[in-house]
1. Could you run through the range 27-79 and say how many residues are hydrophobic (A, V, I, L, M, F, W, C) and without any contact (Cβ under 8 Å) to a residue 24 or more places away in the chain?
2. Tell me whether the range 217-224 contains one or more residues that are in contact with a Gly (Cβ under 6 Å, 6 or more places away or on another chain) and at pLDDT 95 or above.
3. Go through Glu212, Glu252, Glu276 for me and flag whichever is surrounded by 14 or more Cβ atoms within 10 Å (Cβ to Cβ) and in contact (Cβ under 8 Å) with a residue 40 or more places away in the chain.
4. Please tell me if Thr176 is closer than 20 Å to Leu79 by Cα and of a type outside the set (A, V, I, L, M, F, W, C).
5. Going through the range 102-137 one residue at a time, which ones are part of a helix (DSSP H, G or I) and small (Gly, Ala, Ser)?
6. Can you tell me which of (1) of a type outside the set (Lys, Arg); (2) under 26 Å from Leu135 (Cβ atoms); (3) at pLDDT below 95 is the one Glu95 doesn't meet?
7. Looking only at the range 81-101, which residues are more than 18 Å from Val148 (Cβ to Cβ), hydrophobic (A, V, I, L, M, F, W, C) and part of a helix (DSSP H, G or I)?
8. When the residues of the range 173-188 are narrowed to those that are surrounded by fewer than 24 Cβ atoms within 10 Å (Cβ to Cβ) and among the aliphatic types (A, V, I, L, M), which ends up modelled with the lowest pLDDT?
Amino acid sequence: MNYLAPEKILELEGIARLLRVDSLRFIHRRGSGHPGGALSAAEIMSALYFHVMKIDPTRPDWDDRDRFILSKGHASAVLYAALTRRGFFPAAEMENWGEIDCPHQGHPDRLKTPGVDMTSGLLGHGVAVGAGLALSARMKNKDLRTYVLLGDGESQGGIVWEGAAVAAKYRLANLTCILDNNDVQLDGPVHEVMPMESWAEKWKTCGWYVLEINGHNIRQVVEGLQLAAQVHDKPTIIIAHTTKGRGVSFMENKSYWHGNIPNADQMKQALEELGEVTDG
């Protein structure tokens, strides 16, 4: 694994903070969105888009780029935050996010938004589509990786495990999935709504290489992604233990904030807790 210098860790941590700030601002301005799951994935997105993935914002359709699929598409705010910060399109385009004439929809659309490799919609589709992209890359002898970010709530769906079986069958070592394991979904704690027991054992049984990390520790996130790239005989799942609504005290571990919008006072508090200077 490549050594991750302390200054790089600080840089990526700073970017993760900005991704949280941007996500909340996008959601608040729009009056719609899913803050909890966007905030829990900030370090993962920071590591992927600003250190690990082989991408070029000036050539979003570059054929040799790494691919990323946001399987938990309702958390699109954090993807749009990463894409704007990375330079795929101006943040000003998000001012009418989700409206008919805006190219950036509530769920990412690969035909409309530069940098989006797969349209998100039906929860759970990401692993199967990721397997298809990874298999295609191997058949074309392309040296690229496919990354899929999925939620633990969506992993209650059977389509996730169909995709997992396909990836294991074809030993798609160029496929890495990251499970945003924050244990909170729309209706409550994941372990109460539909207990799935041990995620690690389930993925191992499916034939995957399994890593478990602290999803808010940049070093662990980066090293986990780097280690996955060294596995040559099977796909990898990184189980990232995270906190729903991370960084905003009144949102953390609350299912209410899966899909609700902060009011002006709550927004002010959230930004202050995230280290942003606010007016008034």
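The values are calculated or read from the model by the stated rules, or taken from the named source; none is laboratory data. Nothing here was measured: the structure is a model prediction, and the numbers come from that model. Heads up, the Cβs are rebuilt from the backbone with ideal geometry, glycines too, and the neighbour counts pull from every protein chain shown.
1. Qualifying residue count for the region: 1.
2. Going residue by residue through the range 217-224, those that are in contact with a Gly (Cβ under 6 Å, 6 or more places away or on another chain) are none.
Checked the range 217-224: no residue is in contact with a Gly (Cβ under 6 Å, 6 or more places away or on another chain) and at pLDDT 95 or above.
3. Just a single option satisfies the conditions, and that option is Glu276.
4. Yes.
5. Selection gives Gly126, Ala128, Gly130, Ala131, Gly132, Ala134, Ser136, Ala137.
6. (2)
7. Keep residues of the range 81-101 that are more than 18 Å from Val148 (Cβ to Cβ), which gives 81, 84-101.
Still in the running and hydrophobic (A, V, I, L, M, F, W, C): 81, 88-89, 91-92, 94, 97, 100.
Those that are more than 18 Å from Val148 (Cβ to Cβ), hydrophobic (A, V, I, L, M, F, W, C) and part of a helix (DSSP H, G or I): Ala81, Ala91, Ala92, Met94.
8. Looking at the filtered set, the residue picked out is Leu186.
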